[in-house]
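Here is the structure we will look at, set down as structure tokens.
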Number of protein chains: 2
Amino acid sequence: MSEPGRPPADAMTNPRADRVRDVAKLAGRSGRLKREQFFVEGPQAVREALQAHKECMDAGGSPIVESVYASVECLKRHPELLELTGYRNSKLHIRVASDMVLSAMTDTVTPQGVVAVCNFIDVPLEEVLAAKPKIIAMLCQVRDPGNAGTVLRAADAAGADAVIFSNSSVDIYNPKAVRSTAGSLFHLPVVRGVDLADVVAAAKAAGLGVLAADGYGQLNLDLLQDESAARAFEQQIPDSQYSLEQPTLWLFGNEAQGLAGEEMALADHRVAVPVYGSAESLNLGTAATVCLYASARAQRRAD
Amino acid sequence: MSEPGRPPADAMTNPRADRVRDVAKLAGRSGRLKREQFFVEGPQAVREALQAHKECMDAGGSPIVESVYASVECLKRHPELLELTGYRNSKLHIRVASDMVLSAMTDTVTPQGVVAVCNFIDVPLEEVLAAKPKIIAMLCQVRDPGNAGTVLRAADAAGADAVIFSNSSVDIYNPKAVRSTAGSLFHLPVVRGVDLADVVAAAKAAGLGVLAADGYGQLNLDLLQDESAARAFEQQIPDSQYSLEQPTLWLFGNEAQGLAGEEMALADHRVAVPVYGSAESLNLGTAATVCLYASARAQRRAD
């Protein structure tokens, strides 16, 4: 930026420019796969992306953010975005763009003032398992981008070590999925495009227990939680079938159908979140939250 | 219906008919308030509405469902809808309507084949409190209809006794909110349009503790849960500040800002759901789920 408060001479104002179209193409799956990039929108998400970029660059890693486009208005309201790109290792500068350009990039009627193009940040499964994870969430055949993002955000809150998306799940780089993560996408490792059976085999080999979240599961999550609390108070628990204190890979299925029979068969146990009222079931985000928090609580108490 | 498989002669086919417009007006708040009615869409939600209607009529109450419109196709796939209206006390019959008509009624591009017009079902606060409730969820200034519905569904799953919407919250009869409840709207009493201070005063007088869910709260929900489990194992808990076993009114705030200072000041305590990872916060539905399940678990263990 040349002078605060005025659009600089090199501001992007043509919504039909090639660069604008290139960003817009990242809204579609094929566009993203071709460039191995995705975009994030809005001050909060871009801030998280830039923070992750900074940590990565400072550690000598490869760049996470490739470019940032923002309106003058947005930069005035969020000077921290300039700070986050203005340090020595950043290799970034923010291009000023008009609202029309930002709107054309993200196909939204009310653009949020800032867009960052990011390189894919998912990591190989081996890397996740080598780090001795204690809680992993895996999504199988989850179709709704909002649900995928919500589960990732809940996994972050519960302190999970990674989130894995099976090859039949929605793309986590989908703009709506990215938005639903509220920045959590940059907080914990993500693995994608992997086969459920491969993940389960590798996780078991790495010493993780595998639990399938299933409304009809034979193990009751509340019972497992109570047993875990009882162990903390040094009570004798006869015949406990699973200890929540142990490292666990949780499997979550499609929002409407849940996990398929052959998917559940891969797990050590099927665990139900009890429904106390007359709700037919819990929604995916809700069920995943309760499961992941149950593991987190048990493990932290045991630490 | 005259003959299965064919549209009967009196099928509604004109999307501009007065009756169609009357239903369509229920999509807006003023239209709903004028008629004190709302609509539900889709086989699952209509089934829940009809089930609630049946129970109410059998008990000599006033009707919940006023009318049902369905496509021939939908009735073929869901014969239970006909069964649920075909009994003696029902006072209902299903009008067959074309997809164009159903689409015009609900302003959706892909109509779900069936629409029911229902009378408002909310109840007075006094009725809820007289029933000696153990868990109540109250939403204050919640703006997003999807969030409101998700919290109601989670409250149903956790076995809550009622959900209360403050007068500054989104209308639970909004079509998107109704849809997000996945039928739970018909499972537990709902109170709406009430003032937070009035509700808190009445709840306290009825013996309920009042907890405000707040990311910055001084009480940690996990600690309260552990103390509750410890009591179940007859451990001594010195200085416990709140017992989750007691009847509780939970307050949840706006999805972005949370509860306002003066709202939190009305509660006995501010309770935080711990965030173990680096997520900035939990989303509303997630936080409410964890809180309501914590109460449910503690109370059921104490029973």
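The values are calculated or read from the model by the stated rules, or taken from the named source; none is laboratory data. This is a predicted model, so every value here is computed, not measured. Backbone-built Cβ (ideal geometry, glycine too); neighbour counts: all protein chains shown. Please note that ligands, DNA and RNA were not included when accessible areas were found on the heavy atoms of the full protein model with its side chains. Shrake-Rupley method; radii C 1.70, N 1.55, O 1.52, S 1.80 Å.
Some points to look at:
- Counting only other chain Cβ atoms within 10 Å of each residue's Cβ, the peptide A:269-278 averages 5.
- Ratio of Rg to Rh over segment A:54-95 (Cα coordinates, Kirkwood Rh, two decimals): 0.99
- With all projection directions averaged, the alpha carbon convex hull of segment A:92-216 covers 9.3 nm².
- At an R0 of 25 angstrom, the distance between the Cβ atoms of B:ALA130 and B:ASP303 translates into a FRET efficiency of 0.75.
- Accessible surface buried at the B:A interface totals approximately 3100 Å², computed with a 1.4 Å probe on protein heavy atoms.
- Electrostatic tally near A:ALA160: other residues with Cβ closer than 12 Å to its Cβ, Lys and Arg +1, Asp and Glu -1, net 0.
- For segment A:18-119, diffusion coefficient by Stokes-Einstein and Kirkwood Rh (Cα), 25 °C, 0.890 mPa s, µm²/s: 181 µm²/s
- Sorted largest first by accessible area at a 1.4 angstrom probe radius, with every protein chain in place, the residues B:THR110, A:THR289 fall in the order B:THR110, A:THR289.
- Here the accessible area is traced with a 1.4 Å probe on the protein chains. For the protein assembly as shown, carbon and sulfur cover 49 percent of it.
- For the rotational copy relationship between A and B, the axis lies nearest to a chain A beta carbon, identified with its distance in whole angstrom as A:ALA229, 2.
- Surface accessible to a 1.4 Å probe, per residue, for the residues of segment A:207-303, Å²: 41 Å²
- Peptide-level mean, for A:287-299, of C-beta atoms on other protein chains within 10 Å: 4
- In whole percents, the pair-distance distribution calculated for segment A:125-302 from its alpha-carbon pairs, binned every 10 Å from zero, is 10, 41, 37, 11, 1.
- Neighbour net charge for A:GLY217 - beta-carbon separation under 14 angstrom, K R +1, D E -1: -3
- Overall dimensions of segment A:160-258, expressed as equivalent-ellipsoid semi-axes from the Cα gyration tensor (√(5λ), whole Å, largest first), are 29, 15, 15.
- Enclosing the Cα atoms of chain B in their convex hull gives a volume equal to 151 cubic angstrom per residue.
- Amide H to amide H distances under 5 Å link B:ALA279 with A:ALA157, where only residues 5 or more positions off or on other chains count and H is placed in the peptide plane.
- Distances between copies at A:SER30, taken between label points 7 Å from Cα along the C-beta direction, are 4.7 nm in increasing order.
- For A:ASN89, label point 7 Å along C-beta direction: distances to other copies, nm: 7.2
- Evaluated over chain A, the count of Lys pairs having alpha-carbon atoms less than 23 Å apart is 8 (only pairs 8 or more residues apart or interchain).
- All other residues whose Cβ lies under 10 angstrom from that of B:PRO111 are scored, Lys and Arg at +1 and Asp and Glu at -1, for a net of -3.
- Highest GNM mean-square fluctuation among B:VAL96, B:VAL163, B:VAL123, for chain B modelled with Cα contacts below 10 Å: B:VAL123.
- Ordered from highest to lowest accessible area with the whole protein assembly present and a 1.4 Å probe, A:GLU73, A:GLU83, B:GLU234 read as B:GLU234, A:GLU83, A:GLU73.
- Spherically averaged projected area of the protein assembly as shown from its Cα convex hull (nm²): 31.2 nm²
- For segment B:102-156, the spread of Cα positions along the three principal axes, ordered from largest to smallest, is 43, 22, 18 Å.
- Dmax and Rg, reported as Rg then Dmax, of segment A:216-303 (C-alpha, Å): 13.5, 40
- For A:GLU73, the label point sits 7 Å beyond Cα toward Cβ; its separations from the matching points on the remaining copies run 4.3 nm, from shortest to longest.
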